[in-house]
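This report concerns only the one structure given below.
The values are calculated or read from the model by the stated rules, or taken from the named source; none is laboratory data. From a predicted model like this one, the values you see are computed outputs, not experimental measurements. Using ideal geometry, Cβ is built from the backbone for each residue, glycine included, and neighbour counts are taken over all protein chains shown. Quick note on the areas: whole protein, heavy atoms, side chains included, nothing else; ligands and nucleic acids left out. Shrake-Rupley method; radii C 1.70, N 1.55, O 1.52, S 1.80 Å.
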Amino acid sequence: GAGVSQSPSNKVTEKGKDVELRCDPISGHTALYWYRQSLGQGLEFLIYFQGNSAPDKSGLPSDRFSAERTGGSVSTLTIQRTQQEDSAVYLCASSFPGGDNEQFFGPGTRLTVL
Amino acid sequence: GEDVEQSLFLSVREGDSSVINCTYTDSSSTYLYWYKQEPGAGLQLLTYIFSNMDMKQDQRLTVLLNKKDKHLSLRIADTQTGDSAIYFCAGGGSTLGRLYFGRGTQLTVWP
(Lines give C-alpha, C1' and ligand atoms only; values in the text may rest on other atoms or scores of the structure.)
Protein backbone atom coordinates (compact mmCIF):
# COMPACT_ATOMS: atom_id res chain seq x y z
CA GLY A 1 0.00 0.00 0.00
CA ALA A 2 0.92 3.65 -0.25
CA GLY A 3 1.19 4.26 3.47
CA VAL A 4 0.66 2.83 6.93
CA SER A 5 -2.93 1.80 7.45
CA GLN A 6 -4.73 1.17 10.71
CA SER A 7 -8.08 -0.34 11.54
CA PRO A 8 -10.57 0.38 12.82
CA SER A 9 -10.40 4.16 12.57
CA ASN A 10 -12.73 4.48 15.54
CA LYS A 11 -13.59 2.01 18.27
CA VAL A 12 -16.08 2.50 21.08
CA THR A 13 -16.15 -0.18 23.73
CA GLU A 14 -17.45 -0.79 27.19
CA LYS A 15 -15.21 -0.87 30.22
CA GLY A 16 -13.93 -4.37 30.85
CA LYS A 17 -14.09 -5.55 27.24
CA ASP A 18 -11.04 -6.56 25.19
CA VAL A 19 -10.09 -4.71 21.99
CA GLU A 20 -7.73 -5.42 19.10
CA LEU A 21 -6.19 -2.70 16.98
CA ARG A 22 -4.52 -3.50 13.70
CA CYS A 23 -1.62 -1.92 11.85
CA ASP A 24 -0.45 -2.63 8.31
CA PRO A 25 3.01 -1.13 7.81
CA ILE A 26 4.54 0.03 4.58
CA SER A 27 5.85 -2.91 2.58
CA GLY A 28 9.56 -3.43 3.19
CA HIS A 29 9.61 -1.61 6.52
CA THR A 30 11.03 -3.96 9.11
CA ALA A 31 10.61 -1.60 12.05
CA LEU A 32 7.15 -1.03 13.55
CA TYR A 33 6.16 1.19 16.46
CA TRP A 34 3.03 1.73 18.52
CA TYR A 35 2.41 5.06 20.28
CA ARG A 36 -0.51 6.37 22.28
CA GLN A 37 -1.77 9.95 22.17
CA SER A 38 -4.03 10.93 25.03
CA LEU A 39 -5.99 14.18 25.02
CA GLY A 40 -3.61 17.10 25.49
CA GLN A 41 -0.61 14.82 25.80
CA GLY A 42 2.31 14.07 23.59
CA LEU A 43 2.91 10.72 22.01
CA GLU A 44 3.70 8.00 24.49
CA PHE A 45 5.82 5.14 23.21
CA LEU A 46 4.31 1.70 23.75
CA ILE A 47 6.26 -0.96 21.86
CA TYR A 48 8.82 -1.34 19.06
CA PHE A 49 9.38 -4.30 16.74
CA GLN A 50 12.53 -4.61 14.65
CA GLY A 51 12.75 -7.58 12.32
CA ASN A 52 13.09 -10.86 14.19
CA SER A 53 14.56 -9.27 17.31
CA ALA A 54 12.75 -9.38 20.63
CA PRO A 55 10.42 -6.38 20.79
CA ASP A 56 11.09 -3.42 23.06
CA LYS A 57 8.05 -3.51 25.33
CA SER A 58 9.34 -0.95 27.78
CA GLY A 59 6.51 1.51 27.09
CA LEU A 60 3.54 -0.79 27.69
CA PRO A 61 1.66 0.76 30.63
CA SER A 62 0.37 -2.47 32.16
CA ASP A 63 0.11 -6.21 31.57
CA ARG A 64 -3.33 -5.64 30.05
CA PHE A 65 -1.50 -4.39 26.96
CA SER A 66 0.18 -6.74 24.52
CA ALA A 67 1.20 -6.67 20.89
CA GLU A 68 2.37 -9.09 18.30
CA ARG A 69 3.67 -8.89 14.81
CA THR A 70 3.01 -11.83 12.52
CA GLY A 71 5.33 -12.66 9.66
CA GLY A 72 7.25 -9.45 10.15
CA SER A 73 4.40 -7.41 8.72
CA VAL A 74 0.97 -6.81 10.25
CA SER A 75 0.82 -5.97 13.94
CA THR A 76 -2.02 -6.25 16.42
CA LEU A 77 -2.19 -4.31 19.68
CA THR A 78 -4.50 -5.94 22.21
CA ILE A 79 -5.89 -4.26 25.28
CA GLN A 80 -7.59 -6.59 27.74
CA ARG A 81 -10.21 -5.53 30.27
CA THR A 82 -10.25 -1.97 28.96
CA GLN A 83 -10.42 0.93 31.39
CA GLN A 84 -11.60 4.49 30.79
CA GLU A 85 -8.03 5.77 31.03
CA ASP A 86 -7.18 3.66 27.98
CA SER A 87 -9.21 6.09 25.85
CA ALA A 88 -6.76 7.66 23.42
CA VAL A 89 -5.63 7.68 19.81
CA TYR A 90 -3.34 4.74 19.12
CA LEU A 91 -0.82 5.49 16.40
CA CYS A 92 1.29 3.02 14.50
CA ALA A 93 4.44 3.92 12.58
CA SER A 94 6.87 1.98 10.43
CA SER A 95 10.32 2.58 9.04
CA PHE A 96 13.28 0.94 7.40
CA PRO A 97 15.67 -0.62 9.91
CA GLY A 98 17.70 1.73 12.05
CA GLY A 99 16.45 4.52 14.26
CA ASP A 100 17.83 7.13 11.86
CA ASN A 101 15.18 6.38 9.31
CA GLU A 102 11.98 8.36 9.01
CA GLN A 103 9.01 6.89 10.80
CA PHE A 104 5.85 7.00 8.71
CA PHE A 105 2.69 7.25 10.76
CA GLY A 106 -0.74 5.81 10.14
CA PRO A 107 -3.92 7.84 10.74
CA GLY A 108 -4.50 6.20 14.11
CA THR A 109 -7.32 4.39 15.85
CA ARG A 110 -9.42 6.50 18.20
CA LEU A 111 -10.42 4.29 21.14
CA THR A 112 -13.20 5.39 23.46
CA VAL A 113 -13.91 3.32 26.55
CA LEU A 114 -17.29 4.06 28.09
CA GLY B 1 15.23 8.54 28.66
CA GLU B 2 14.70 11.75 26.80
CA ASP B 3 12.41 14.44 28.20
CA VAL B 4 11.11 16.88 25.57
CA GLU B 5 9.29 20.09 26.46
CA GLN B 6 7.32 22.46 24.25
CA SER B 7 5.05 25.41 24.81
CA LEU B 8 1.46 24.34 24.20
CA PHE B 9 -0.02 27.21 22.21
CA LEU B 10 1.07 29.80 19.64
CA SER B 11 -1.10 32.25 17.70
CA VAL B 12 0.13 34.36 14.80
CA ARG B 13 -1.35 36.43 12.00
CA GLU B 14 -1.22 35.21 8.44
CA GLY B 15 1.97 36.39 6.77
CA ASP B 16 3.94 36.68 10.00
CA SER B 17 6.71 34.29 11.02
CA SER B 18 6.03 31.59 13.60
CA VAL B 19 8.67 30.27 15.96
CA ILE B 20 8.00 27.09 17.87
CA ASN B 21 10.47 26.20 20.61
CA CYS B 22 11.48 22.90 22.15
CA THR B 23 13.94 21.86 24.84
CA TYR B 24 15.28 18.40 25.50
CA THR B 25 17.26 16.83 28.30
CA ASP B 26 19.30 14.03 26.77
CA SER B 27 22.11 14.46 24.25
CA SER B 28 21.87 10.89 22.98
CA SER B 29 19.43 11.76 20.21
CA THR B 30 21.17 11.51 16.85
CA TYR B 31 18.39 13.33 15.07
CA LEU B 32 15.81 15.89 16.14
CA TYR B 33 12.55 16.00 14.26
CA TRP B 34 9.57 18.24 13.69
CA TYR B 35 6.27 16.54 12.93
CA LYS B 36 2.98 18.20 11.96
CA GLN B 37 -0.44 16.81 12.86
CA GLU B 38 -3.56 18.18 11.23
CA PRO B 39 -6.99 17.49 12.76
CA GLY B 40 -7.99 13.85 12.42
CA ALA B 41 -4.76 12.92 10.67
CA GLY B 42 -1.60 11.07 11.58
CA LEU B 43 1.77 12.69 11.98
CA GLN B 44 3.63 14.01 8.98
CA LEU B 45 7.39 14.53 9.10
CA LEU B 46 8.15 18.17 8.28
CA THR B 47 11.88 18.30 8.67
CA TYR B 48 14.72 17.00 10.80
CA ILE B 49 18.21 18.02 11.78
CA PHE B 50 21.24 15.90 12.54
CA SER B 51 22.56 16.52 16.03
CA ASN B 52 25.91 17.87 14.81
CA MET B 53 24.28 20.61 12.73
CA ASP B 54 23.34 24.10 13.88
CA MET B 55 20.83 25.05 11.25
CA LYS B 56 18.83 23.59 8.43
CA GLN B 57 16.66 25.47 5.96
CA ASP B 58 13.98 23.89 3.83
CA GLN B 59 11.84 26.36 1.86
CA ARG B 60 9.74 28.24 4.45
CA LEU B 61 11.08 26.17 7.32
CA THR B 62 14.23 26.93 9.32
CA VAL B 63 15.42 24.65 12.11
CA LEU B 64 17.90 25.97 14.64
CA LEU B 65 19.71 23.72 17.10
CA ASN B 66 21.61 24.99 20.13
CA LYS B 67 23.33 21.92 21.50
CA LYS B 68 24.80 23.72 24.48
CA ASP B 69 21.37 24.81 25.72
CA LYS B 70 19.60 21.69 24.33
CA HIS B 71 17.21 23.97 22.52
CA LEU B 72 15.55 23.36 19.17
CA SER B 73 13.34 25.76 17.25
CA LEU B 74 11.23 25.68 14.12
CA ARG B 75 10.63 28.90 12.26
CA ILE B 76 7.89 29.05 9.63
CA ALA B 77 8.20 32.06 7.36
CA ASP B 78 5.12 33.71 5.82
CA THR B 79 2.76 31.58 7.92
CA GLN B 80 -0.47 30.60 6.18
CA THR B 81 -3.83 29.49 7.57
CA GLY B 82 -3.03 26.03 6.20
CA ASP B 83 -0.13 25.87 8.63
CA SER B 84 -2.59 25.71 11.54
CA ALA B 85 -1.92 22.36 13.20
CA ILE B 86 -0.14 20.74 16.14
CA TYR B 87 3.63 20.64 15.81
CA PHE B 88 5.60 17.99 17.66
CA CYS B 89 9.28 18.07 18.47
CA ALA B 90 10.90 14.63 18.80
CA GLY B 91 14.31 13.15 19.46
CA GLY B 92 15.57 9.83 18.22
CA GLY B 93 18.44 8.01 16.64
CA SER B 94 20.09 4.75 15.81
CA THR B 95 20.70 3.68 19.39
CA LEU B 96 17.20 4.53 20.51
CA GLY B 97 14.85 3.19 17.81
CA ARG B 98 11.78 4.82 19.28
CA LEU B 99 11.15 8.57 19.23
CA TYR B 100 10.68 10.76 22.29
CA PHE B 101 7.96 13.34 21.67
CA GLY B 102 7.02 16.61 23.27
CA ARG B 103 3.37 17.35 24.03
CA GLY B 104 2.96 19.38 20.88
CA THR B 105 2.40 23.06 20.15
CA GLN B 106 -1.00 24.07 18.79
CA LEU B 107 -0.33 26.73 16.13
CA THR B 108 -3.32 28.90 15.22
CA VAL B 109 -2.97 31.23 12.24
CA TRP B 110 -5.45 34.12 12.06
CA PRO B 111 -6.36 35.59 8.66
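Structure notes:
- Electrostatic dipole magnitude of the stretch B:1-90 [Cβ: Lys, Arg +1; Asp, Glu -1; Cα centre; debye, to 20]: 180
- Heavy-atom accessible surface that A and B bury in contact, both chains counted, 1.4 Å, Å² to 100: 1500
- Structural descriptor for chain A: relative contact order 38 percent, calculated from alpha carbon pairs under 8 angstrom and at least 6 residues apart.
- The fraction of accessible area contributed by carbon and sulfur in the stretch A:1-112 is 46 percent, rounded to a whole number (1.4 Å probe; ligands and nucleic acids excluded).
- Gap separating the Cα centres of the stretch A:62-110 and the stretch B:50-109, nearest whole Å: 24
- Across chain B, Cα pairs under 8 Å and at least six residues apart give a relative contact order of 38 percent.
- Close Lys-Lys pairs in the protein assembly as shown, where close means Cα under 22 Å and separation is 8 or more or interchain: 5
- Its alpha carbons considered, the stretch B:1-74 gives a radius of gyration followed by a Dmax of 12.8, 38 Å.
- Residue order for A:86, B:78 - accessible surface, 1.4 angstrom probe, largest first: B:78, A:86
- Entry note: the protein assembly as shown has Rg to Rh equal to 0.97, where both radii use alpha-carbon atoms and Rh is the Kirkwood radius.
- Approximate shape of chain A as ellipsoid semi-axes (Cα gyration tensor, √5λ), whole Å, largest first: 23, 14, 13
- The length gained by stretching the chain between residue B:68 and residue B:13 to full extension, at 0.36 nm per residue less their Cα-Cα distance, is 16.6 nm.
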